[in-house]
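Got a structure for you, written out below as structure tokens; questions coming shortly.
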Number of protein chains: 2
Amino acid sequence: MKTIEGSPLYRIMHPNRLAVIGASNSMVNMGTTILGNIMAFDFKGEVYPVHPRLEKVLGLKAYASVKEVPTVPDLALIVVPTKIVAQVLQECGEKGVRHVIIVSGGFRESGEEGKRSEQELLEIAKHYGIRFTGPNCIGVVNPGHRFNTTMFHYNASMEGFIGMISQSGSFITQIFIHLDKFGLGFSQGISVGNQADIDIAACIQYLGACERTKVIGLYIEGLSNPDDFIQTSREVSKNKPIVAMYVGGTKAGSRAGRSHTGALSASDDIYNGVFRQCGIVRAYSLEELFDFCWALGTQPLMKGNQVAVFTHSGGPGATAADAADRAGLELPSLSVNTQKKLHNYVPRTGSLSNPIDMTFTRDFEDIMVHIPRILLEDDELDGILMYFLLNTDNFKRLLGKAESALFQTLEEFEMYLIQLCTRFAKQAKSSNKPLLGSSFLQRNERFIRELEDLGIPILPSPERSAKAMGALYRNSVMRNALNLEARKGRPQGA
Amino acid sequence: MKTIEGSPLYRIMHPNRLAVIGASNSMVNMGTTILGNIMAFDFKGEVYPVHPRLEKVLGLKAYASVKEVPTVPDLALIVVPTKIVAQVLQECGEKGVRHVIIVSGGFRESGEEGKRSEQELLEIAKHYGIRFTGPNCIGVVNPGHRFNTTMFHYNASMEGFIGMISQSGSFITQIFIHLDKFGLGFSQGISVGNQADIDIAACIQYLGACERTKVIGLYIEGLSNPDDFIQTSREVSKNKPIVAMYVGGTKAGSRAGRSHTGALSASDDIYNGVFRQCGIVRAYSLEELFDFCWALGTQPLMKGNQVAVFTHSGGPGATAADAADRAGLELPSLSVNTQKKLHNYVPRTGSLSNPIDMTFTRDFEDIMVHIPRILLEDDELDGILMYFLLNTDNFKRLLGKAESALFQTLEEFEMYLIQLCTRFAKQAKSSNKPLLGSSFLQRNERFIRELEDLGIPILPSPERSAKAMGALYRNSVMRNALNLEARKGRPQGA
């Protein structure tokens, strides 16, 4: 797929005339929340609530049936009781609606009867040429189209680059809150539910062609169609990283997935093999999934696994080193030449070994400009991990009480920090070498926000930055192998 | 040790007359930051800055030498260049100072010459009967005494129950920021540095006797005196949980620790054996260390490893289940009796299997009161993991637009939530069964803050709550074994 317009998902993610079937004016109704959310996100298209009795829903004119809507909706969202979903879908088909999101649950995930009901939906859809996501899903979010059918208000970044495909609706919608902590956001997010029609493979293909999507995140409970998944992922991951969290590899996780989306799981070994074959990086938690997506969506490929850890605090340096080692990276001793250059900036109590430890310094320029440059320029290093937690709080407290050569006011100090961040980010971005930062500070600290918004991931702990660097390395190795195979015309597994 | 007053650490943590040797009025001076911080935390004792030339330091009268201080300080903090530390310590001894914190570095961690200088410090101390922490440390924090000699302002909870002992100063001081994210705090925190005199074992003994300390956290790069450590830890962990993060088990971590605090590390296998023998739970990252401390410092012991996961979202339920399984816990099928009771509260689209999944509901009372009660009362369950992310945002948005039987205004809604939190916490606390919550929301959401302040840990992801429950289980097993051995009078390893 070259462009997203060719996909059945295109209209589902970019509707202009939307029927919402199942919203009311009652707060305890799920459809009401969804419609409220669609409106709150300032959706630009037409919205037609459908309700058998109400004249108005949340202030909008309502229609007794989708057939009475004065135009043909290009997307219908169905959130009605299980037993009438088929009938409503049928009416959509008769009306000429060709794209549907079925939110309602109670199908394959709830047993044999549900399985039959799901089959019925599929037959109706086939008859009318309807393409749909769900059932048992939370819908989609596409910030660029100001379209969010999920349960939570989209408050994450509008510049998001993570394309998310999830068998759990929560990991589309509740995760907005998590992304917002880091200034991250979705390019597009799709809750696939039971995948009766449109499946994960189709979504991967779609997001593979999406220009805003720099990395694809997957939450998987079990694959229904492994062959399609493997073929599509192998193709897409040659050019775009894919990260997957899979929960079906344990007894408890597998049972949970089965009752959640009726997914068929298999052992960790099998899935690890599949992921490797597909060039997919595995994550073992949702936090890890988004940590890895952050790194993979912003940083260049790694040439090897030789990493430098740069810190001004011994402990964070040591935990980063320990975690890097466990993540398959190596911390080489630095070359004599590099050590010589560093010597000018690292005090005697510091360390020129790797980790490079500044210990105590008050020269922010050494930390943010001079030392990073030396490390980025060292050809023996493939990536840089940098811990920082500039003690701005004390600086602010001491301003006016103690002497400083650099600045006399808080404003001067802040401006100084921001220009340092800009120089730092510019230098890192131009180097074509991965650099991941870490800090216990969060975005409420101005300079962390600046760095993150300039495209430098600042992971919330040294260990997490090291693990994310490990993911970068694994992705680079797998991607190179896939592209090499492709050039040789010799597919693996054939 | 029965009470903390008998420890040499008591005066170091509770000084009344403090000499600060090495602060100036220059911002780029580490001592200045420390003194500024001591003053900013509203320390109640007397403070005597010592500086060879200045008349005033940060507004306080300064003395040319510690000998000129008009009284005998009960604690001296030394943060001067390496080469004059011994001389300053000597002067302290002559003055009659018997407790010292040596912040200055450049000793054992920097090679043979440094090792000799450190030996010299020890001899001076022995001669005068001085007990000290450091060198190469960041000092201590004792919020209850409003005493903080570290680099960062203490902004974490004043009700902290975590006693921290660290070979990294950062993990005493920079971690305030991390603790504050969760409403946590230190009871007392000690940066041991090179442990020339007072070592980790002495600190464990001290915090073992500290009533405010409910759990002890350790950051270890390498043990200098394993026998003392083992003996003390085995004794203390019979009554108080100990959690340790150790970084010396990897090649990179070991090297980093050596250049940081001159620590001698050993393999993971050896340390895992030591930790097991001591009843210490190991953590593999700083985040994990504090997650575990949170759980162990607030929750009762676990009788077995049978856990229920309760969720209103399938994905978080499945990731918690998967992580619980990997952490050594089991998710049993629920008894017929419990399922029958749950049946009244879980909708048809939900699941009565384990995880118990509410799917969509708007009855917060079912989530917060009725279902937790059933699970807490089930004798076949040893612990409860609960994911929640109440969609209050949408409730607020829909107030006034849609109908609600329960409340008409935002205030009513907030009050309703808060009383639910109170009932929830009361029920959980009275059950004598561990319950850990998780949510992607943070403390800026009112009901999360309420729950946390009521003593319910709300971990930042389902997986982290499951891992922390695993730590609770491991601690319970080890503690029971240690106490059983003690009753039998048969020490392990003998």
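Computed from the coordinates by the stated procedures, all read-outs in this text should not be read as laboratory data. Note that the structure is a prediction, hence the values are computed from the model and not measured. Because the Cβ atoms are built from the backbone with ideal geometry, glycine has one as well, and the counts that use them run over all protein chains shown.
Exposure proxy check: B:VAL236, A:VAL309 ranked by fewest other beta carbons within 10 Å? Let's see the in-between values first.
On the way: B:VAL236 23, A:VAL309 31.
Fewest to most other Cβ atoms nearby, the residues stand as B:VAL236, A:VAL309.
Another question, if that's okay. What is the magnitude of the charge dipole of the protein assembly as shown about its Cα centre, with +1 placed on the Cβ of each Lys and Arg, -1 on the Cβ of each Asp and Glu, and no other charges, expressed in debye to the nearest 20?
Dipole magnitude for the protein assembly as shown comes out near 200 debye.
Let me ask something else. By counting other Cβ atoms within 10 Å of each Cβ, how are A:CYS210, A:CYS92 ranked from fewest to most?
A:CYS210, A:CYS92
Once chain A is represented by equal point scatterers at the alpha-carbon sites, with solvent omitted, what log10 I(q)/I(0) does the Debye formula produce at q = 0.13 Å⁻¹?
So the normalised log intensities work out to -1.15.
How big is the protein assembly as shown in terms of Cα radius of gyration and Dmax, in angstroms?
Calculated on Cα positions, Rg and Dmax stand at 29.8, 98 Å.
Using 7 Å Cα-to-Cβ label points, what is the B:LYS126/B:LYS340 separation (nm, one decimal)?
Modelled inter-label distance: 7.4 nm.
Here's a follow-up. If the only charges are +1 at each Lys and Arg Cβ and -1 at each Asp and Glu Cβ, what is the size of the charge dipole of region B:243-372 around the Cα centre, to the nearest 20 debye?
Taking the Cα centre of region B:243-372 as origin, the dipole is about 280 debye.
Another question about this same structure. Residues of B:240-252, mean number of Cβ from any other protein chain within 10 Å of their own Cβ, rounded to a whole number?
The mean count of partner-chain Cβ atoms within 10 Å per residue comes to 4.
Over the whole of B:163-170, what's the average partner chain Cβ count within 10 Å per residue? Rounded to a whole number, please. Before the final figure, lay out the partial values.
Values: counts 0, 0, 0, 1, 3, 7, 5, 13.
Whole-number average of other-chain Cβ neighbours for B:163-170 is 4.
Moving on to the next point. Take each of the peptides A:442-449, A:75-82, average the number of other beta-carbon atoms within 10 Å over its residues, and list them starting from the highest.
A:75-82, A:442-449
Among the trypsin sites (Lys or Arg not before Pro) within region B:27-111, which fall in a DSSP loop and have no more than 14 other Cβ atoms within 10 Å of their own Cβ?
B:LYS44, B:ARG53
Placing unit charges on C-beta atoms (Lys and Arg positive, Asp and Glu negative, everything else neutral), compute the dipole magnitude of chain A about its Cα centre in debye, rounded to 20.
The dipole magnitude comes to about 580 debye.
I've got another one for you. Could I have the simple spin-label model distance between B:HIS370 and A:GLU403, label points 7 Å from Cα toward Cβ, reported in nm to one decimal?
Here the modelled spin labels are 7.2 nm apart.
Sticking with this structure for a sec: Considering only A:GLY437, A:GLY222, A:ILE12, whose Cα is most displaced toward the positive end of the charge dipole of chain A, charges sitting on Cβ of Lys, Arg (+1) and Asp, Glu (-1)?
A:ILE12
For the residues B:ASP268, A:ASP42, what sequence is obtained by ranking on other C-beta atoms within 10 Å, fewest first? Working shown, then result.
Working: B:ASP268 17, A:ASP42 9.
Arranged by neighbour count, lowest to highest, B:ASP268, A:ASP42 become A:ASP42, B:ASP268.
Report for region A:6-132 the percent antiparallel among DSSP-assigned beta bridges with both residues inside it, nearest 5. Walk me through the numbers before you get to the answer.
Details: 2 of 17 bridges.
Rounded to the nearest five, the antiparallel share is 10 percent.
For the pair A:GLU55 and A:ARG146, what calculated FRET efficiency results from E = 1/(1 + (r/R0)^6), where r is the Cβ-Cβ distance and R0 = 25 Å, to the nearest 0.05?
Here the calculated transfer efficiency is 0.40.
Take the Cα of B:LYS251, step 7 Å along the line toward its Cβ, and report every residue of region A:275-317 whose backbone nitrogen sits under 13 Å from that point.
Inside the label zone: A:305-307.
Over region B:198-342, how many percent of alpha carbon pairs lie in each 10 Å bin up to the one with the longest distance?
Once binned at 10 Å, the Cα pair distances of region B:198-342 give 10, 33, 30, 17, 8, 2, 0.
Oh, and also: In a Debye calculation with equal point scatterers on the alpha-carbon sites of region B:4-295 and no solvent, what is log10 I(q)/I(0) at q = 0.09, 0.14 Å⁻¹?
Listed by q, the Debye log ratios stand at -0.40, -0.98.
Farthest toward the dipole's positive end in chain A, which of A:TYR246, A:LEU385, A:ASN480, given Cβ charges of +1 (Lys, Arg) and -1 (Asp, Glu) about the Cα centre?
It is A:ASN480.
Here is a further query. Could you list the residues of region A:442-480 with an amide nitrogen less than 13 Å from a label point located 7 Å from the Cα of B:ASP180 in the Cα-to-C-beta direction?
It comes to A:442-446, nothing else.
Provide, as a two-decimal number, the C-alpha radius of gyration of region B:1-125 over 2.2 N^0.38 Å, N being how many residues it has.
Values: Rg = 14.6 Å, N = 125, 2.2 N^0.38 = 13.8 Å.
Against the empirical 2.2 N^0.38 Å value, I get 1.06 for region B:1-125.
Could you list which residues have their amide H under 5 Å from that of A:ARG282, counting only those 5 or more apart in sequence or on another chain, with H placed in the peptide plane?
When sequence neighbours closer than 5 places are left aside, the close amide H contacts are A:ALA244.
A further question follows. Report the gain in length on full extension from A:SER431 to A:ASP42: 0.36 nm times residue separation, minus Cα-Cα distance, nm rounded to one decimal.
That pair, A:SER431 and A:ASP42, stretches by 136.1 nm at full extension.
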